[in-house]
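Chemist: Okay, handing you the structure first.
The numbers here are math on the coordinates, done by the rules we state, and not lab data. What you see is a predicted model, and the numbers here were worked out from it, not measured in a lab. Using ideal geometry, Cβ is built from the backbone for each residue, glycine included, and neighbour counts are taken over all protein chains shown.
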Amino acid sequence: MKQRILSLMTIILVTLVLVACSPGAVPVATPMATPTLAPQPAPAASALNPEDVAWARVVAAAKKEGEVNVYAYSWLGDIGLAIAKGFKQKYGISAIITTGRGAEIAERLKTEKRVGQRVGDMTEGSSILIGSMKVEGLLASVADELPSLKEKGVWMVLPSEIDPKDKMNLAFRLIAYTPYINNKLVKLEEKPGSWKDFLDPKWKGKMLITEPNLAPNFYETMVVFLENKIWDGNYIKALYGQNLQIATGMPELFTRLAQGEFPLAIQGTDVTGARFAMEGAPFQAIDMREGIVLSTASVAAIAGGPNPNATRLFLNWVYSQEGLSLAGKALGNKMVRKDIPDFRPKGVQTDIVKPLVGRPEQLEKSTQLFREKWFDKLVGR
C-alpha cells in the first residue's frame, strides 16, 4: 500500500515538472527594469533668438573690456559713486565717472576727436547740450541694440522720443515745470486746474513768475506750449496782463513763495523746488489737465569710444528697472520709466497726467526765434 502511494506521488511530481517546463507554461512574473532615458540633445543654435545671442556676445566682450569711462554733468560725488557701485556689483565692470560743466565736457570730447585719442565712452547732461554734441558728430547711435529700450508699456517718456530719427540723444531723467501753490494760503480744492484758471481776476497781482532772460528755460516751456496749441499769443498777453510779479530766478521764486509773499507761482522747476521741499517749505506742485512741460537730461554713447561693448551694457543697465531705480534714488529725480518710484520730495510731486516734451534741436531754434522776435512784443516790453 505504501509503495502504491509513493509511486502515485512520484508520478504527480514528475507530471508537474513536465508541465512547468513545457512551451505553453505561464512564466513567473519578474519586476520590469526601469528604462534608461536617452539624454536630450541641446537645442540647435538656429533655435536660439539671434538677438539674445548677439547680446550675450556684447556682455562677454564688455567683461573683457572691464571698464566704461563716463563724462557726466550731474552725477556728482555720492550720486556717481552709487551708480558706479550698482553697475560694478551687477557685472563686475568699473564705471569711471569724470564730472565737469557741460561746456567743459563738450570741449574735451571735441579735443579727443581732433587728436584721435578717445578716452570717453559715454556722456550725461542736459538734452540741449547732448543735442549740440550730436551736431558736432561726437555721438553714436546704439539705442536699437539695447534690450531695455525694447520693453513695452514702462515709459513715461520713451528715451528716443526726443531724437526719434537718429536715437543718439536719449532722455534719462525728467525736470518738471509746474505751477506751485503755498498750501497755507490756497486750499487744494481752490487750486487752479487749467492754464485758463490763471486768467481769473482773483489771481491778479498775486502770482510770481521768473524773469525769462534770467531763467532761459522758461522760454523753452513757452515754445512747447505754443507748439502744442495750449498757449497762444493772446494767452501770453493776457497772462502778463495779470500784473505778474517777477523773480530773478528759481531760488528767489521758491523763497518768496515759501515765505508766503505770494500764494501762487507759475512754472517752478522740481529740481530747485526739491531743495526747499526737503526743508519743509509749505508749498505743493499742481498738475494742469492740458499738460505740463518736461525738460529732459540725457545720456549718450560717444562715437569711437575705447569700450563700445561696456558702454552698451552700461546704458542698457541704466535703463533697466533696477538701474534707473538706483539712479533715480541717488539723484532724487523723476525718471523716464513709470514703473519705478517717484524719488522727488512730496512737495514737488505731481501725477504728470499729460507730459509735454520738446525735441532739443527743434526747441533750440524755435526758442531763439520766439525770444528775439516775439516775446517782448507780446508782453509790451
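Chemist: Residue under question is ALA238, and the condition is that it be assigned to a helix (DSSP H, G or I), without any contact (Cβ under 8 Å) to a residue 40 or more places away in the chain and among the aliphatic types (A, V, I, L, M); does it hold? Break it down stepwise before answering.
Modeler: Values: assigned to a helix (DSSP H, G or I): yes; without any contact (Cβ under 8 Å) to a residue 40 or more places away in the chain: yes; among the aliphatic types (A, V, I, L, M): yes.
Against the criterion (assigned to a helix (DSSP H, G or I), without any contact (Cβ under 8 Å) to a residue 40 or more places away in the chain and among the aliphatic types (A, V, I, L, M)), ALA238 qualifies.
Chemist: Search segment 55-75 for residues being under 25 Å from LEU138 (Cα atoms), part of a helix (DSSP H, G or I) and not charged (D, E, K, R), and hand back the single one that is farthest from the chain's Cα centre (by Cα).
Modeler: Restricting to residues being under 25 Å from LEU138 (Cα atoms), part of a helix (DSSP H, G or I) and not charged (D, E, K, R), the top hit is ALA61.
Chemist: Has segment 156-165 got at least one residue that is among the small types (Gly, Ala, Ser), under 30 Å from VAL119 (Cβ atoms) and buried (at least 19 other Cβ atoms within 10 Å of the Cβ)? Write out each step before concluding.
Modeler: Here is the first cut: in segment 156-165, the residues among the small types (Gly, Ala, Ser) are 160.
Filter once more, so that each one left must be under 30 Å from VAL119 (Cβ atoms): 160.
From what is left, the residues that are buried (at least 19 other Cβ atoms within 10 Å of the Cβ) are 160.
Yes - at least one qualifying residue is present in segment 156-165.
Chemist: Something else now. Report yes if some residue within segment 325-345 is more than 16 Å from the chain's Cα centre (by Cα) and in a helix (DSSP H, G or I); otherwise report no. Steps first, please.
Modeler: Kept after step one, since they are more than 16 Å from the chain's Cα centre (by Cα), are these residues of segment 325-345: 345.
Now narrow it down to the ones that are in a helix (DSSP H, G or I): none.
No.
Chemist: Looking at (1) loosely packed, with under 15 Cβ neighbours inside 10 Å; (2) in a helix (DSSP H, G or I), find the lone condition where THR367 falls short.
Modeler: Failed condition: (1).
Chemist: Now, a different point. Given the options LYS113, LYS90, LYS134, LYS85, name the one that is without any contact (Cβ under 8 Å) to a residue 60 or more places away in the chain and either among the charged types (D, E, K, R) or crowded, with 19+ Cβ neighbours inside 10 Å (or both).
Modeler: LYS85
Chemist: Let me ask something else about it. Any residue at all in segment 303-320 that is within 12 Å of ARG173 (Cβ to Cβ) and either within 12 Å of the chain's Cα centre (by Cα) or crowded, with 23+ Cβ neighbours inside 10 Å (or both)?
Modeler: Taking segment 303-320 and keeping what is within 12 Å of ARG173 (Cβ to Cβ), we get 318-319.
With the extra rule that they be either within 12 Å of the chain's Cα centre (by Cα) or crowded, with 23+ Cβ neighbours inside 10 Å (or both), the set shrinks to 318-319.
For segment 303-320, residues within 12 Å of ARG173 (Cβ to Cβ) and either within 12 Å of the chain's Cα centre (by Cα) or crowded, with 23+ Cβ neighbours inside 10 Å (or both): present.
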